[in-house]
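The values are calculated or read from the model by the stated rules, or taken from the named source; none is laboratory data. Model, not experiment: these values are computed from the prediction. Note that each Cβ is placed from the backbone with ideal geometry, even for glycine, and that neighbours are counted across all protein chains shown.
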């Protein structure tokens, strides 16, 4: 397995890279699994080395059938591609807010975290080999109030921000060729 996959911090601790994973086929179709930085929620792998400029993210929702489902037993090894996602704030103007209860531990109060413009960096790797397939950046443009808020956030400081998500259509357009088997 190549060591190049460690370049994206969101995938540094990922268990998705395994010799047991499905083989990436240029002719497709290929399933995805994804890793993203959401502030240390324990059900989601966290970057090994988060940086101060990492913004918190909500999971990007891929179209139905793009990730391992019931037919594959929801097994990550059925995915031939790993989508790694980080974001860096590109502005300080608050475009929305997200509210979370119990930030900082039991007994805490509800906290509000600002959503700010951001640049999203995506890298797609072959799960089996760890080889970088493609990388690209998208700007946060989605203004849907509910869209940017992660389901939960743990160990979030009052200095943290949440990245305004990119257009789902723009992301799908970039990933569709890999899913269906046409090279980007």
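Numbers for the structure displayed
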{"quantity": "Among the residues listed as 29, 45, 50, the single one being part of a loop (DSSP other than H, G, I, E, B) and at pLDDT 75 or above", "calculated": "29"}
{"quantity": "Residue check for residue 64: over 19 Å from residue 122 (Cβ atoms), in a loop (DSSP other than H, G, I, E, B) and modelled with pLDDT of 80 or more", "calculated": "yes"}
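Residues checked against (1) surrounded by 17 or more Cβ atoms within 10 Å (Cβ to Cβ); (2) at pLDDT below 90; (3) within 30 Å of residue 27 (Cα to Cα); (4) touching a helix residue (DSSP H, G or I) at 6+ places or on another chain (Cβ under 8 Å):
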residue	(1), (2), (3), (4)
76	yes, yes, yes, no
88	no, yes, no, no
92	no, yes, no, no
130	yes, yes, yes, yes
142	yes, yes, no, yes
146	no, yes, no, no
157	no, yes, no, no
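So that you can scan it fast, the table gives a plain yes or no per residue for (1) surrounded by 16 or more Cβ atoms within 10 Å (Cβ to Cβ); (2) at pLDDT below 85:
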| position | (1), (2) |
| --- | --- |
| 103 | yes, yes |
| 109 | no, yes |
| 122 | yes, no |
| 127 | yes, no |
| 153 | yes, yes |
| 182 | no, yes |
